[in-house]
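Worksheet: one structure, shown below.
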Amino acid sequence: MIHPEKDQIYEIAGKEVNGELLTAEEVEIKNHFLTCKDCCDYFLDSMQVLDFLSEEKFAPYFLEAVKRAGVSYKLLFQMRFLMDGLENLQVISEKTDIALPVFTKVPAYAAARGGKKAVEEFTAGASIIRYDYEKHSLMISLDEELSDGAELTAVLRMEGKEFSKKLESDKHGMLEAEFRLEDYENGELDLIIKSN
């Protein structure tokens, strides 16, 4: 017998996995597997893949994987703030969508007295993330157009804790959220902005 096409083997494997009846021709092809190791291996591999991809097996696995990976939402921005005694706040901004701008640091402006920094700003187009040294607050002001109509949430991770805030419209084209950091002065802050 001539070797069957891979498509034929795959189709027979699918019928076997689903418990469907084979045609006489398919039974003959399946008998070929007894004498041909290559076709038999392809058949068994196909069955294994199809069995795994079946709804009762793959769906729960996939949902669990999605949950573990946290990819049930669209990630817009991902940033890490490196804080050094509140004197030198840096940001590492990771682009998560080619269409979105990256947040970059802009020159800080000084407080009215003493000449020390009062506010540190990071911008991405019209969007601004502002850190106020005196209030110990991180303010997020995101261009509403970037949301594409979806609800957005900001998630801040620091010292093993996670805080979430929904970005609310300021009625002037911006979505905003604010985190109070109290006296947190050193270390790293991870911020992500995602659609729900």
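Details
- Using a probe radius of 1.4 angstrom, the carbon and sulfur fraction of the accessible surface of region 124-184 is 43%.
- Nearest-10 value in Å² for the accessible area of M47, using the 1.4 Å probe: 50
- For the residues K74, K15, a 1.4 Å probe over the protein chains yields an accessible-area ranking, largest first, of K74, K15.
- Projected label points at L21 and K37, each 7 Å from Cα along the beta carbon direction, are separated by 3.6 nanometres.
- Rolling a 1.4 Å probe across the protein heavy atoms gives region 120-168 an accessible surface of 50 Å² per residue.
The values are calculated or read from the model by the stated rules, or taken from the named source; none is laboratory data. Predicted model, so just to flag it, every value in this text is computed and none were measured. Positions of Cβ are backbone-derived with ideal geometry, glycine not excepted, and every protein chain shown enters the neighbour counts. To get the accessible areas, we keep the full protein, side chains included, count just its heavy atoms, and leave off ligands, DNA and RNA. Shrake-Rupley method; radii C 1.70, N 1.55, O 1.52, S 1.80 Å.
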